[in-house]
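Working notes for the structure below.
The values are calculated or read from the model by the stated rules, or taken from the named source; none is laboratory data. In this text the structure is predicted, and so the values were computed from the model without any measurement. Quick reminder, even Gly has a Cβ in these numbers, built from the backbone with ideal geometry, and neighbours come from all protein chains shown. Each accessible area value is taken on the protein alone, full model and side chains, heavy atoms only, with ligands, DNA and RNA left out. Shrake-Rupley method; radii C 1.70, N 1.55, O 1.52, S 1.80 Å.
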Amino acid sequence: MTTLPPELVVLDIAGTTVDEGQHVYRVLGETAKAHGANPTEADIARWHGSAKHEALKALLTTADGTPPSAELLATAIAGFRSRLAAAYTEHPPRPLPGVPRALAALRSAGIRVALNTGFDHDIADSMLNALGWQGDSVVDAVICGTDVPTGRPAPFMIFRAMEQLGVTDVARVLVAGDTPRDLEAGANAGAGFVVGVLTGASDADELGAHPHTHLLPSVADLPAFFGIDAVAVSPS
């Protein structure tokens, strides 16, 4: 029995389609510490897959529940961007193996592809430009956490991708990512496919404890899952 392919695939960036060395989480912790917080690795891990401005706000909230001032938060966000840009200059992100060919195969089969990320557009655009993924050469849309009222696990980035690309049936949407928040967002959206991939921050045990329809080794395995030939397709 052939599984009916989705109309839209919504994919996380860091750890799902792009190998960025997990510098984002190191930099997140460094930034929080530079502005008076003292997060543990577990504190940082709780924000895997989140919108980074939301993560910084939470990490800089004091033990008595006092949130950071608007000025402190803006300074911290600017510092995060600067530190991450420096990290990516020293260690440039690169596509995960097989992913460009898989994205090309999905699009050749008429499936629209959107990226969604907790990064803001400055960071996301810089990363994608460095990869040569400008415009619609590789994907059809890029949705950032700053585009919606609330980031993951809220489903709003998925809905924004559907709206932007004219997809109305959430049952024909596939959401994939490497963190529990990716899976929670997909489940909250009611996506027909909620796929955890094992190329990033979380292993099968962690992802398997959260709502999902499938766990796959990589986004590179998606075309074969739907019977699409990726070998014959040349990536952009």
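Neighbours of residue 54, meaning other residues whose beta-carbon lies under 12 angstrom from its beta-carbon, give a summed charge of +4 when Lys and Arg score +1 and Asp and Glu score -1. Based only on the alpha carbon positions, what is the Kirkwood hydrodynamic radius of the chain, in angstrom? After inverting the mean inverse Cα-Cα distance, the result is 17.9 Å.
Nonpolar atom fraction for the chain, defined as the carbon and sulfur part of the 1.4 Å probe accessible area, stands at 53 percent. An oblate overall shape is assigned to the stretch 101-195, the ratio a/c of its alpha-carbon gyration tensor axes (a ≥ b ≥ c) being 1.5 or greater and a/b not exceeding b/c. A 1.4 Å probe run over the stretch 88-170, with the rest of the protein chains in place, finds 44 Å² accessible per residue. Accessible surface computed residue by residue for the stretch 7-76, with neighbouring protein chains in place and a 1.4 Å probe, gives 43 Å² per residue. Placing +1 on the Cβ of every Lys and Arg and -1 on the Cβ of every Asp and Glu, with nothing else charged, gives the stretch 1-144 a dipole about its Cα centre of roughly 220 debye.
Classified by the C-alpha gyration tensor, the stretch 81-150 has an oblate form. Its axis ratio a/c, with a ≥ b ≥ c, is 1.5 or above, and a/b does not exceed b/c. Around the amide H of residue 9, modelled in the peptide plane, lie the amide H atoms of 112, 113, 114, 174, all under 5 Å away and 5 or more residues distant in sequence or on another chain.
Computed over the stretch 1-88, the range of Cα coordinates on each principal axis works out to 55, 30, 23 Å, biggest value leading. Projecting the Cα atoms of 109, 58, 179 onto the charge dipole of the chain, computed from C-beta unit charges around the Cα centre, puts 109 farthest toward the positive end. Angle check, please: helix 99-108 long axis (alpha carbons) against the longest principal axis of the chain (alpha carbons), in degrees 0 to 90, nearest 10. Relative to the chain, helix 99-108 is tipped by roughly 50 degrees.
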